[in-house]
Structure formats: C-alpha cells, structure tokens
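Participant: Can you keep this structure in mind? I'll have questions shortly.
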Amino acid sequence: CWRKANPHGVETFLEAIYNSCNPVFVKVAQKLGITKFYEYVEMFGFREKTGINLPGEEIGIFHEEPMEIDMAVASFGQRFTITPMQLVSAYNAIANGGYLMAPMLVKEILDDNGNVGERFQPSVVRQVISEETSKTMAKVLEGVVSEGTGKNAFVPGYRIAGKTGTSQTTE
C-alpha cells in the first residue's frame, strides 16, 4: 500500500478505490488476467491515436509484450505513458454510457452573420463497457472526489468524477 506509515488495513472494494489502494488494483488485474486486462487497454484507446483533428498527435508508450509484472504495475498507473487526449477520451467513454467517442474541439462554424456554415456531428468509435457499468463507474469515480483521495477536486454543487494515482519518481 502507498501508505507505508498507516496502511488502510481491511477495506471494502469501494473503500479501496476511494483510497487508491494499489494492492487491490493489482488483485483486480490478476483476476481479469493479462489478456482481458490489455483488451481493455486497447478498447479504451490507449494504444492508438484518438483521431482528434489536430496536427502532431502521438500515442503513448504501452508494453508491446506485457508480462504479469507489467500488468500489475499498470493496474495502478505506472510503467506506461498515455497522452492527455487519450486520458480524456477514456474518461469520456465512462461518462458517455460506455461509448468511446472521436474527440471534437468544434461543434459548428458560424459565418459573420451567425449562420451555421458547417456543423460537426459526434462520432462513436466503439462501445467499451456497458451502459450499466458506465453508470456504476461514474458513481464510483464521483465518490473518489466527494469522499476519497480526490477530495481536493470537490466543488459543491457540481458532480465531478476522478481518480487519483500513485506517481512514480526517479532520483
């Protein structure tokens, strides 16, 4: 557990998520198995460009031939890189009923008179999780902010979902 001085001890699964308890994420990944875990990595778009209409988009770095230790540390967010746009897209899949959407920066373009010159429509890339799972995850991630380790992001009157992580530093 990241809390070396005062570990969490026995906790429910929900408490483990709220507390960002790394051993629990490792156990969940192990139960999924390496094949299923990395299927989700791919489904959430972490191994591909998001397709945003901006120049210079790159992809992050993920394990090409992952071993169980790679999966274990990836389960709590270490030993890989993703782009901010990949992260936003993955969170949006949870917020959008389980559907990974192609990111858009512009909804429509107006001319000088305020008339719509061009309108852009949202585009579904694929369904990543079920709508039911999406709703459950959204509630859990809201709890991370309202009750858990993400309390600093809480804003009264707003529903904010998030998940804290354990950073890895080198000296």
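The values are calculated or read from the model by the stated rules, or taken from the named source; none is laboratory data. Keep in mind it's a predicted model, so treat the numbers as computed, not measured. Please note: Cβ atoms are built from the backbone with ideal geometry, for glycine as well, and neighbour counts cover all protein chains shown. Calculation scope for accessible area: heavy atoms of the full protein, side chains included, ligands and nucleic acids excluded. Shrake-Rupley method; radii C 1.70, N 1.55, O 1.52, S 1.80 Å.
Participant: Please list L110, L100 from largest to smallest accessible area, probe radius 1.4 Å, with all protein chains kept in place.
Facilitator: L110, L100
Participant: Express the Stokes-Einstein translational diffusion coefficient of the stretch 92-134 in µm² s⁻¹, to the nearest whole number, given a Kirkwood radius over alpha-carbon pairs, 4 °C and a viscosity of 1.567 mPa s.
Facilitator: 109 µm²/s
Participant: Another one. Rank these residues by their accessible area, most exposed first, probe 1.4 Å: T83, T136.
Facilitator: Result, largest first: T136, T83.
Participant: Quick check on the stretch 42-132: what does the Kirkwood estimate of hydrodynamic radius come out to from the alpha carbon pairs, in Å?
Facilitator: Final number for the Kirkwood radius of the stretch 42-132 is 15.0 Å.
Participant: Just to confirm the filter: which trypsin sites (Lys or Arg not before Pro) across the stretch 77-136 are DSSP coil and have at most 16 other Cβ within 10 angstrom of their Cβ?
Facilitator: Listed in order of number, the matching sites are R79, K107.
Participant: Still on this structure, I have one more. Once you put a point 7 Å from the Cα of M67 and another 7 Å from the Cα of T12, both along the Cβ direction, what distance in nm separates them?
Facilitator: Taking the two extended label points, one gets 3.8 nm.
Participant: Continuing with this model, one more query. For K31, give me every one of the lysines with a C-alpha distance below 30 angstrom, ignoring sequence neighbours fewer than eight places off in its own chain.
Facilitator: K4, K49, K135, K139, K151, K163
Participant: Taking H placed 1.01 Å from N in the peptide plane, check which residues at least 5 places from V125 or on another chain put their amide H under 5 Å from its amide H.
Facilitator: Answer set, sorted by chain and number: L100, M101, A102.
Participant: For the stretch 125-164, just the Cα atoms, rotate onto the principal axes and tell me the three extents in Å, largest first.
Facilitator: 32, 20, 18
Participant: Another question, then. If you take the C-alpha gyration tensor of the chain, multiply each eigenvalue by 5 and take the square root, what semi-axes do you get, largest first, in whole Å?
Facilitator: For the chain, the ellipsoid semi-axes come out as 32, 21, 15 Å.
Participant: How would I69, I61 line up by accessible area, probe 1.4 Å, largest first?
Facilitator: I61, I69
Participant: Please list 3J(HN,Hα) in residue order for the stretch 11-26, calculated via the Karplus relation 6.51 cos²θ - 1.76 cosθ + 1.60 where θ = phi - 60°; whole Hz, with x for glycine and proline.
Facilitator: Result, ordered by residue: 8, 6, 4, 4, 4, 4, 5, 4, 8, 6, 8, 3, x, 5, 5, 5 Hz.
Participant: With axes computed from alpha carbons, what is the tilt in degrees of helix 131-146 against the longest principal axis of the chain, rounded to the nearest 10 within 0 to 90?
Facilitator: Approximately 70 degrees, to the nearest ten.
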